[in-house]
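Report on the following structure.
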Amino acid sequence: MNPILTVDDLSVRIAGLHILQGVTFTVAPTGVTALLGRNGVGKTTTLRAIVGLTPRGAEVSGAIRIGKQSALSTPTHRLVRGGLGYVPEDRCVFAGLTVAENLRLAERPGAAPAYDRVFALFPELSKRAKQRAGTLSGGQQQMLAIGRVLLADNTLLLVDEPTKGLAPKVVTEVAEALEAVAEEVPVLLVEQNLAVVRRLARDAVVLAAGQVAWTGAAARLLGEPELTKALLGVGSTGVHA
Amino acid sequence: MSTFVLLTLTGLGLAALYFLVASGLSLVFGLADVLNFAHGLFLSVGAYATWWAADHLPGAGPTGFGFVLAAAFGVVAGAAVAALVELVLIRPLYSRTIEQVLVTVGLSLAGVALLQATWGADPRPFPRPEWTRGVTGIGGANIPNASLLLVLAAAAVLALLLLFLRYTRVGLVIRAGVENREMVTALGIDVRKAFTLVFAIGGAAAALAGALGGVYFGSVSPAQGGSLLIFAFIVVVIGGMGSVVGSAYAAVAVGLLQQFVNYYGTAGLGDICVVALLAIVLLVRPQGIAGRAVTA
């Protein structure tokens with residue numbers, strides 16, 4: 001199967017710092033690929049480079065292809081309209097807008113919004129439609145951030161640390177939702193909670209110091225405690241997925 | 001009592017003028033992060049276009065419906081110039097703050113020079129419809145109708161802006177963009193189109209301020225836009241960048257403070273008090289009355 005995402009020799013330099021140094025990996029057209037690594041190795045920068053949101057002035061080189069489309073030469077809004085869904089770190093819901101307005105904003109022109117799909121996955125969003133997003137709990141905001149991108153059909157989802165800062169029960173809910181989502185669309189997932197990675201990911205890419213240090217099956221990485229510790233600096237267990 | 005009513009309503013007239021200039025300035029900064037020093041030029045364009053149209057535009061004139069037509073011409077001219085400035089000069093410079101400031105300051109200076117070269121530096125008598133020259137008795141005070149017209153116009157603009165922001169798709173994009181422009185783009189929306197629209201809306205409101213300010217002051221001069229812009233900036237900072245409602249509150253505070261202090265103190269003291277109010281707000285609540293979120 002041809003990969004849905006190909007990242008080839010990607011380098012990103014921001015304010016003189018060489019954050020990504022020739023990153024190369026692929027994402028399969030089905031299932032979840034986890035992008036792992038210790039803090040500060042460039043995981044979020046990789047996702048932001050794919051979606052075209054590196055800071056202005058950043059030097060980006062290499063190639064990124066989503067299907068056959070070159071991502072680096074395509075503006076962000078066109079990539080998204082073409083089917084690239086992005087759930088950023090820290091959710092980034094619009095705090096001053098209601099839940100319904102946050103969702104309405106994510107409707108893409110020319111496509112009927114799939115509210116049924118979103119509300120089936122996150123019934124809470126339907127109940128809280130008139131509530132301002134800034135007053136939602138962290139878990140509810142995460143559901144909104146994920147629900148927002150699921151209004152449209154996607155060819156690839158980029159999801160950045162969806163369980164960060166959430167209560168264990170909510171981590172499980174979010175993991176269940178992502179599991180259901182991943183049955184329909186491939187996901188590139190940045191995640192620190194290895195229990196979530198173990199539950200969701202089939203493939204894994206590990207970054208270290210701005211470069212790819214390891215690629216392979218997620219089960220193999222997490223099944224070898226010494227390898228996990230060497231690459232990620234932690235044991236292979238996680239909490240509540 | 002009559003003095004209080006007079007000062008209040010004329011202060012609100014001044015506030016209305018500030019609000020018309022500040023609302024667009026605030027939205028432009030809130031959404032596009034552009035500190036537009038050329039915003040006063042849009043006011044001058046509106047004033048001069050209205051003044052010109054009253055004499056030259058078929059159907060337009062200095063009174064009645066003719067003046068409405070002339071003012072509408074001025075508003076359209078202000079909106080068109082603002083949209084053109086965004087498309088040609090600002091768009092290539094997004095996220096380049098220093099260059100933006102240089103370009104907009106340069107444009108404001110060049111605009112004033114162009115108006116002076118074309119129509120001279122001296123104030124020109126502005127067409128004033130018959131009703132605006134009179135007064136209306138309210139609470140024992142004779143209120144200049146020009147002040148009442150400004151208050152009514154600003155209230156209408158405020159209501160229209162809030163309805164637009166609250167109930168239209170573009171308004172939703174603008175409110176979201178003020179909060180997090182990057183995330184709007186990440187939802188598949190070309191936010192640059194909203195930038196142009198916000199510039200045009202701001203230009204139209206400023207041009208309306210130019211047309212009605214001409215009626216209020218009875219004359220139009222090339223430097224009028226620049227001097228009003230200073231107070232509009234103060235209103236924007238006090239109200240909170242990106243907030244239309246915040247601008248309205250701040251404009252009322254600044255207009256009333258200026259009017260009352262100038263009357264009961266010495267002339268010019270009101271301006272100093274406005275600067276003092278700005279300093280206090282910056283110290284106590286740096287994000288302004290309404291922060292960064294657009295309230296609709």
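Values in this text are rule-based calculations from the coordinates and carry no lab data. This is a predicted model, so every value here is computed, not measured. FYI the Cβ positions are ideal-geometry reconstructions off the backbone, even for glycines, and counts take in every protein chain you see.
Given the C-alpha centroids of the stretch B:64-124 and the stretch A:92-169, what is the distance between them in whole angstrom? Using only Cα atoms, the two centres lie 41 Å from each other.
Each listed q (0.11, 0.15, 0.17, 0.18 Å⁻¹) maps to a log10 I(q)/I(0) for the stretch B:24-222, found by the Debye formula over equal Cα scatterers with no solvent: -0.55, -0.94, -1.11, -1.19.
Counted by Cβ distance under 10 Å from residue B:175, the other residues give a net charge of -1, where Lys and Arg count +1 and Asp and Glu count -1. Computed over chain B, the per-residue total of -39500 (n - 2.57) for DSSP H runs of n ≥ 4 gives a 222 nm mean residue ellipticity of -25500 deg cm²/dmol, rounded to 500. Applied to the stretch A:12-27, the Karplus parametrisation 6.51 cos²θ - 1.76 cosθ + 1.60 on θ = phi - 60° returns per-residue 3J(HN,Hα) values of 9, 10, 10, 6, x, 8, 8, 6, 10, 10, x, 6, 9, 6, 10, 10 Hz, with x for Gly and Pro. Remark: spin-label model distance residue A:114-residue A:135 equals 3.1 nm, labels positioned 7 Å along the Cα→Cβ axis.
Multiplying the residue separation of residue B:230 and residue B:95 by 0.36 nm and removing their Cα-Cα distance gives an extension gain of 46.3 nm. Screening chain B for whole DSSP H helices of 20 Å or more along their axis (Cα) with average Kyte-Doolittle hydropathy at least 0.5 returns B:2-32, B:64-85, B:97-119, B:145-167, B:191-217, B:224-239, B:244-264, B:269-284. Each other residue within a Cβ distance under 12 Å of residue A:186 adds +1 if Lys or Arg and -1 if Asp or Glu, for a net charge of -2.
Just how far, in whole angstrom, is the stretch B:231-296 from the stretch A:204-230 if you go by their alpha carbon centroids? First find each Cα centre; the distance between them is then 57 Å.
Size estimate for the stretch B:64-116 follows the Kirkwood approach: the inverse of mean 1/r over distinct Cα pairs works out to 12.7 Å. Calculation over all alpha carbon pairs of the stretch A:71-176 in 5 angstrom steps from 0 returns a P(r) of 2, 13, 23, 25, 21, 10, 4, 1, 0 percent.
Annotation: the residues B:56, A:77, B:39, sorted from fewest to most other C-beta atoms within 10 Å of their own C-beta, follow the order B:56, A:77, B:39.
Around the amide H of residue A:5, modelled in the peptide plane, lie the amide H atoms of A:27, A:67, all under 5 Å away and 5 or more residues distant in sequence or on another chain. Computed extension length for residue A:184-residue A:213: 7.5 nm, one decimal, from 0.36 nm per residue of separation with the Cα-Cα distance subtracted.
Rounded to two decimals, the Cα-based Rg/Rh of the protein assembly as shown, with Kirkwood Rh, is 1.08.
Per the Debye calculation on the stretch A:37-99 with a single equal scatterer at every Cα and no solvent contribution, log₁₀ I(q)/I(0) for q = 0.19, 0.21, 0.28 Å⁻¹ amounts to -0.83, -0.96, -1.30. Mean silhouette area of the stretch A:102-240, derived from the convex hull of its C-alpha atoms and averaged over all directions, reads 9.2 nm².
Going down the list A:127/A:169; A:127/A:164; A:68/A:130; A:68/A:229; A:43/A:130, which pairs span over 31 Å between their C-alpha atoms? Listed pairs above 31 Å: A:68/A:130; A:68/A:229; A:43/A:130. Considering every Cα-Cα pair within the stretch B:1-140, what fraction, in whole percent, is farther apart than 25 Å? The calculated P(r) of the stretch B:1-140 puts 41 percent of pairs beyond 25 Å. Counting every alpha-carbon pair across the stretch B:158-228, the share separated by more than 22 Å comes to 39%.
Potential lengthening of the chain between residue B:159 and residue B:110 amounts to 14.3 nm, from the contour at 0.36 nm per residue minus the alpha-carbon distance.
Each pair of Cα atoms in chain A enters the Kirkwood radius, and Stokes-Einstein at 4 °C and 1.567 mPa s then converts it into a translational diffusion coefficient of 71 µm²/s.
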